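Remarks on the structure that follows.
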Protein chains: 2
Amino acid sequence: MKGAEGLLATAIEAGVRVCFANPGTTEMPLVEAFDAVPGIRTVLGLSEGVVTGAADGYTRMAGVPAMTLLHLGPGFANGIANLHNARRARTPVINVVGEHATWHQPADAPLASDIESLAAPVSGWVGRTTSARSAGAEFVEARQAALRDRLPATLIAAADHMWSEGGTTADVPPAPGPAEVEQEQVDAVAKVLASGERPALLLGGNALSADGIRTAARIAAAVGGEVLAERSPARIERGPDVPPLRSLPYFPEDVLGSLDGFSHLVLVGTTEPVAFFGYEGMPSVLVPDGTQLHTLADPGQDAAAALDALAEATGSADARPPAPQRPEVRAPQGDLTSSAIAAAIVLTQPEGAIVVNEGVSSSGAYPGLAAAAPRHTEITLTGGAIGMGIPAATGAAVACPDRHVIDFQADGSALYTVQGLWTQARQRLDVTTVICSNSRYRILEAELSRAGVDRPGPAAAGMTALGDPAPDWTALAAGFGVPAVRATTGEQLLDALRQASLEPGPHLVEAVI
Amino acid sequence: MKGAEGLLATAIEAGVRVCFANPGTTEMPLVEAFDAVPGIRTVLGLSEGVVTGAADGYTRMAGVPAMTLLHLGPGFANGIANLHNARRARTPVINVVGEHATWHQPADAPLASDIESLAAPVSGWVGRTTSARSAGAEFVEARQAALRDRLPATLIAAADHMWSEGGTTADVPPAPGPAEVEQEQVDAVAKVLASGERPALLLGGNALSADGIRTAARIAAAVGGEVLAERSPARIERGPDVPPLRSLPYFPEDVLGSLDGFSHLVLVGTTEPVAFFGYEGMPSVLVPDGTQLHTLADPGQDAAAALDALAEATGSADARPPAPQRPEVRAPQGDLTSSAIAAAIVLTQPEGAIVVNEGVSSSGAYPGLAAAAPRHTEITLTGGAIGMGIPAATGAAVACPDRHVIDFQADGSALYTVQGLWTQARQRLDVTTVICSNSRYRILEAELSRAGVDRPGPAAAGMTALGDPAPDWTALAAGFGVPAVRATTGEQLLDALRQASLEPGPHLVEAVI
């Protein structure tokens, strides 16, 4: 057995079922091994941003790590931005990066570079294979680290270790789960909640599962508090059987407004809210004066289990939250706005959809309307590195072939990784990409306006607008093999989304704002 | 004056005229400053691979550094692959990367990451601004380092330093040129050449200017040797008034074959030839046994000046190389092959064209035919990080508005940075992109075949083929605003290329192999 075969046989033992890939020459022994040791589905992306974003989306939905296969430092580098998002989402992706044969590394061949330096900022663990024999065990090390730390792990695999005989299937220990929260911590928070002072529970991580949200809502009902969701969760469940909850907004003054009036802010699987960017005169940490901060569970800990323990400690297991008010969503008519697009998505999504939200400036209305939609999962842009939506939707669809995936997608962000549409076409994935087409980086115009620039000069206008020429989304989609239509009114958009959800395979709808 | 304005005023002082950019919120003070302190043309790219590749292409052709403006770690990361190529080309690009306000950095906001760790592998110099006042001087430090080391330099600019008052225009010292070669070194090589044993002069860097090649050819004629070009030069001049020279090929056995029979190999602005990848049973360093290696000039040194000195030291200033045999190139007819495409480009390029060569497996024939073309400059994929062609052609066209740019482009590589077509459309650049459309990563099939895999299994076939669906290049080009045609025969291709060279603005020709 070759080293590459031992590595893949071990990966299969470890439960890996999908590898998103864009390999080159140094990875050819691994490419061959996927045929020699079948059991892992390989999915090609036309650039590595697609590969790593798809691995993130897959892993968030599948719950087991996807593997990526990337080509040396430059190939890895192209995937860093979406690994940054995966890191912020605490997604345990396992990257395998090919490297020159060990004896060829001193030659400093053209593609050589410092892979560790590139990998460290987005990986909880970085390591190298040391022989054909040990490559399987080294894959296990990467996998254990990824699952233990809930972070991407990166294994650099030398070509000669991969092509040499002597590979072995390594023993795979049980998958480490998230760290458990101590009872002491639970009791301390329970004591705070018993004070009668109004608390907010801020949920992130697996606290945003349906059960986690329900449990949190019962606790809040029992102690007279409110449940909130962190701003950009890796994954959140919504639907008629899930209590609706407010999400923290984007701008710092709005976050402070959302948290106004709470005496206590309890972090449940998330970190203290901080400003997305620093603004003159605004604080970095967005906790109002007079609000005390408490941690029930860190992002690396089992927040859902901690909520169960807290429900018990607060005696709220049988509390009944009041029946929530759900928003009324009207069918959009006439010219499109960003909230009209959000409404159209809420009104047309089938039961059990996955909504990937990279709407940026266009999707602000969605969390407020989504409680009116059928049961669904929303996954969002955790790290702010744009170009995540099309890839993540691709990976989510590979993970959940029975669920319809809707990518609520800003146009500027979509252009970063538009190549991902091709993978959707090749894999016949049931994804509808809804492009919010305003032909500008609207969020940057908003930021300029906050800075007092309401009429940008020609240079600033040229760097925030996407017109002249406006990208033709139906042509781009067709170029990658995805059927597409253009909608300019609410009526057309509703029709297009209903149609797309009925026909199998990928679709793109350009919603012109 | 704000810090950002001081930085830009200094950049203008330093001769910077173009900034390729994809900014975000942290860069908004710089975006505003381009209007407040006019003098630098800003060119937006829809992803950072376009931005850095264009900066590389511009700087190779303009001879003065382009600036880039990139958004935090993830934005920089998207540009690393093409900065890797710039590093291998010894291109002094100056990157300015926005960073969170200094007081906001401890908050570890979503987009925060270790920018230094990302930048170091592709930068000769990495630094940070330390205040609004010093930002101009820190830009000068970056610029001096870039020009001294002939490598990209990266300045990380904190948002508060950029938006604060107190900026100043820093003094700009003269631009450092490449290091000079010592006369001792020249004399040592002259002594070797006087031995009467057959030498090869292997040229890289500025030795591949028209004058450098002519001087090298005179020396070779005087001492009975041959002049060769390194495999993938940053820039090489060709034409009727430039002696033609062989280029080192790609595969190691072919390189060894090219160098067979030389007693001495003299490196002139390049490094010893090494294998692009390590192969079992093949050496890393590709110098035949019995060939002695000598260095006239390192890649960082002034190789052209060293050749002048060597011509004098060897008394070959007035030597006349024999009139070279130039290839006869026939007009391609019928079905297209990769050499038919090379021939069509040779036969239709106007005087003074710039040929960007990212043909990968399709452009192997070009260097052998190019001596029949009118005077032109070829720029190539130096670092092997694919996705350089469309961006570099964009940058070259910005640098040289009076020259026609032809991008000889492999399809798989083009898909990495296809977004660059939009910048060509927006800037009305005179670029013709010739897509060698074989719908596969042909080079990987060749590598599999070298490894003995002639019939790849389904996994390997799926990761090396780009069909199912084949990208529709005319649709993709139209989506980005570039008119496009499809050619399936030599006759059609010749027509399409002639037409494209006559009409201003960008064009794309899909040459179906």
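The values are calculated or read from the model by the stated rules, or taken from the named source; none is laboratory data. Everything numeric here is computed off the predicted structure, so don't read it as measured data. All Cβ positions, even for glycine, are placed from backbone atoms using ideal geometry, and neighbour counts span all protein chains on display. For accessibility, only protein heavy atoms count, side chains too; no ligands or nucleic acids. Shrake-Rupley method; radii C 1.70, N 1.55, O 1.52, S 1.80 Å.
Do you know which residues across region B:445-474 are at pLDDT below 95 and β-branched (V, I, T)?
B:V453, B:T464 - these are the residues of region B:445-474 that are at pLDDT below 95 and β-branched (V, I, T).
Of all residues in region A:88-105, which are open to solvent by 50 Å² or more (accessible area, probe 1.4 Å), over 16 Å from the mean Cα position of the chain (by Cα) and facing another protein chain (nearest Cβ under 7 Å)?
A:W103
Let's see how each residue does on (1) at the interface with another protein chain (Cβ under 8 Å from one of its Cβ atoms); (2) in a loop (DSSP other than H, G, I, E, B); (3) within 27 Å of A:T489 (Cβ to Cβ):
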{"residue": "A:G383", "(1), (2), (3)": "yes, yes, no"}
{"residue": "A:G387", "(1), (2), (3)": "yes, yes, no"}
{"residue": "A:T394", "(1), (2), (3)": "no, no, no"}
{"residue": "A:I435", "(1), (2), (3)": "no, no, yes"}
{"residue": "A:A460", "(1), (2), (3)": "yes, no, no"}
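Could you check region B:261-320 and list, in sequence order, the residues that are farther than 30 Å from A:H161 by Cβ, under 30 Å from the mean Cα position of the chain (by Cα) and small (G, A, S)?
If the condition is that a residue be farther than 30 Å from A:H161 by Cβ, under 30 Å from the mean Cα position of the chain (by Cα) and small (G, A, S), then B:G269, B:A297, B:G300, B:A303, B:A304, B:A305, B:A306, B:A309, B:A311 are the ones that fit.
Being in a helix (DSSP H, G or I), without any contact (Cβ under 8 Å) to a residue 40 or more places away in the chain and within 21 Å of B:R326 (Cα to Cα) narrows it down to one residue among B:I213, B:I219; which is it?
Just a single option satisfies the conditions, and that option is B:I213.
Please indicate, with yes or no, whether at least one residue in region B:498-508 is of a type in the set (G, A, S), open to solvent by 10 Å² or more (accessible area, probe 1.4 Å) and within 7 Å of chain A (Cβ to nearest Cβ).
Scanning region B:498-508, I find no residue that is of a type in the set (G, A, S), open to solvent by 10 Å² or more (accessible area, probe 1.4 Å) and within 7 Å of chain A (Cβ to nearest Cβ), so the answer is no.
Residue check: is A:E280 within 14 Å of chain B (Cβ to nearest Cβ), part of a loop (DSSP other than H, G, I, E, B) and modelled with pLDDT under 95?
Criteria met by A:E280.
On the given criteria, is B:L256 without any contact (Cβ under 8 Å) to a residue 40 or more places away in the chain and in a strand (DSSP E or B)?
Judged against the criteria, B:L256 is not a match.
If I ask for residues that are open to solvent by 50 Å² or more (accessible area, probe 1.4 Å) and within 20 Å of B:Q427 (Cβ to Cβ), which ones from region A:464-488 would you list?
A:D468, A:A470, A:D472
Are there any pairs with C-beta distances below 7 angstrom linking a residue in region B:106-133 that is more than 9 Å from chain A (Cβ to nearest Cβ) to a residue that is part of a loop (DSSP other than H, G, I, E, B) and polar (S, T, N, Q), with the two at least 6 apart or on different chains, and if so which?
B:A132/B:S164; B:R133/B:T168
Restricting to region B:485-510, name every residue that is part of a strand (DSSP E or B), hydrophobic (A, V, I, L, M, F, W, C), more than 21 Å from B:R330 (Cβ to Cβ) and over 25 Å from the mean Cα position of the chain (by Cα).
If the condition is that a residue be part of a strand (DSSP E or B), hydrophobic (A, V, I, L, M, F, W, C), more than 21 Å from B:R330 (Cβ to Cβ) and over 25 Å from the mean Cα position of the chain (by Cα), then B:V485 is the only one that fits.
Is it true that some residue in region B:35-49 is on the phi > 0 side of the Ramachandran plot and in contact (Cβ under 8 Å) with a residue 40 or more places away in the chain?
Within region B:35-49, none of the residues are on the phi > 0 side of the Ramachandran plot and in contact (Cβ under 8 Å) with a residue 40 or more places away in the chain.
In region A:277-301, which residue that is in contact (Cβ under 8 Å) with a residue 12 or more places away in the chain and polar (S, T, N, Q) is surrounded by the most Cβ atoms within 10 Å (Cβ to Cβ)?
Here the answer is A:Q301.
Can you tell me which residue in region A:36-62 is farthest from the other protein chains (Cβ to nearest Cβ), limited to those that are of a type in the set (V, I, T) and open to solvent by 20 Å² or more (accessible area, probe 1.4 Å)?
Among those that are of a type in the set (V, I, T) and open to solvent by 20 Å² or more (accessible area, probe 1.4 Å), it is A:V37.
For region B:432-463, what are the residues that are of a type in the set (S, T, Y) and surrounded by 20 or more Cβ atoms within 10 Å (Cβ to Cβ)?
Matches in region B:432-463: B:T432, B:T433, B:S437, B:Y441.
Could you check how many residues of region A:327-376 are in contact with a Leu (Cβ under 9 Å, 6 or more places away or on another chain), small (G, A, S), open to solvent by 50 Å² or more (accessible area, probe 1.4 Å) and outside any helix (DSSP H, G or I)?
1
To keep it simple, each residue is scored yes or no on (1) at the interface with chain A (Cβ under 9 Å from one of its Cβ atoms); (2) open to solvent by less than 10 Å² (accessible area, probe 1.4 Å); (3) among the β-branched types (V, I, T); (4) closer than 17 Å to B:S413 by Cβ.
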residue	(1), (2), (3), (4)
B:A66	no, yes, no, no
B:P74	yes, yes, no, no
B:G79	yes, yes, no, yes
B:A86	no, yes, no, yes
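Can you tell me how many residues in region A:96-135 are of a type in the set (S, T, Y), out of contact with any strand residue (DSSP E or B) (no Cβ under 8 Å at 6 or more places or on another chain) and in a loop (DSSP other than H, G, I, E, B)?
Selection size over region A:96-135: 4.
Results for (1) in a helix (DSSP H, G or I); (2) assigned by TED's automatic domain parsing to the domain that holds A:A207; (3) surrounded by 19 or more Cβ atoms within 10 Å (Cβ to Cβ), shown as yes or no for each residue.
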position	(1), (2), (3)
A:A137	yes, no, yes
A:A142	yes, no, yes
A:L151	no, no, yes
A:L155	no, no, yes
A:D171	no, no, no
A:A175	no, no, no
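Would you point out the residue of region B:283-323, among those that are of a type in the set (S, T, N, Q) and part of a loop (DSSP other than H, G, I, E, B), that is nearest to the other protein chains (Cβ to nearest Cβ)?
Residue satisfying both the conditions and the ranking: B:S284.
Conditions (1) buried (at least 24 other Cβ atoms within 10 Å of the Cβ); (2) within 14 Å of chain B (Cβ to nearest Cβ); (3) not β-branched (V, I, T), marked per residue:
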| site | (1), (2), (3) |
| --- | --- |
| A:A188 | no, no, yes |
| A:G204 | yes, yes, yes |
| A:L208 | yes, no, yes |
| A:A216 | yes, no, yes |
| A:A221 | no, no, yes |
| A:P240 | no, no, yes |
| A:S263 | no, no, yes |
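Evaluate the following for A:A9: is it away from chain B (no Cβ under 13 Å), surrounded by fewer than 24 Cβ atoms within 10 Å (Cβ to Cβ) and in contact (Cβ under 8 Å) with a residue 12 or more places away in the chain?
yes
Among (1) out of contact with any strand residue (DSSP E or B) (no Cβ under 9 Å at 6 or more places or on another chain); (2) of a type in the set (S, T, Y); (3) farther than 30 Å from A:E99 by Cα, there is one condition B:S263 misses while meeting the rest; what is its number?
Every condition holds for B:S263 apart from (1).
Look through B:G505, B:G490, B:G412, B:G481 and report the one residue that is closer than 17 Å to A:T423 by Cβ, of a type outside the set (A, V, I, L, M) and either in contact (Cβ under 8 Å) with a residue 12 or more places away in the chain or not assigned by TED's automatic domain parsing to the domain that holds B:E378 (or both).
Among B:G505, B:G490, B:G412, B:G481, only B:G412 is closer than 17 Å to A:T423 by Cβ, of a type outside the set (A, V, I, L, M) and either in contact (Cβ under 8 Å) with a residue 12 or more places away in the chain or not assigned by TED's automatic domain parsing to the domain that holds B:E378 (or both).
If you take the residues of region B:15-35 that are more than 8 Å from chain A (Cβ to nearest Cβ) and surrounded by fewer than 24 Cβ atoms within 10 Å (Cβ to Cβ), which of them is nearest to B:Q424 (Cα to Cα)?
B:V18
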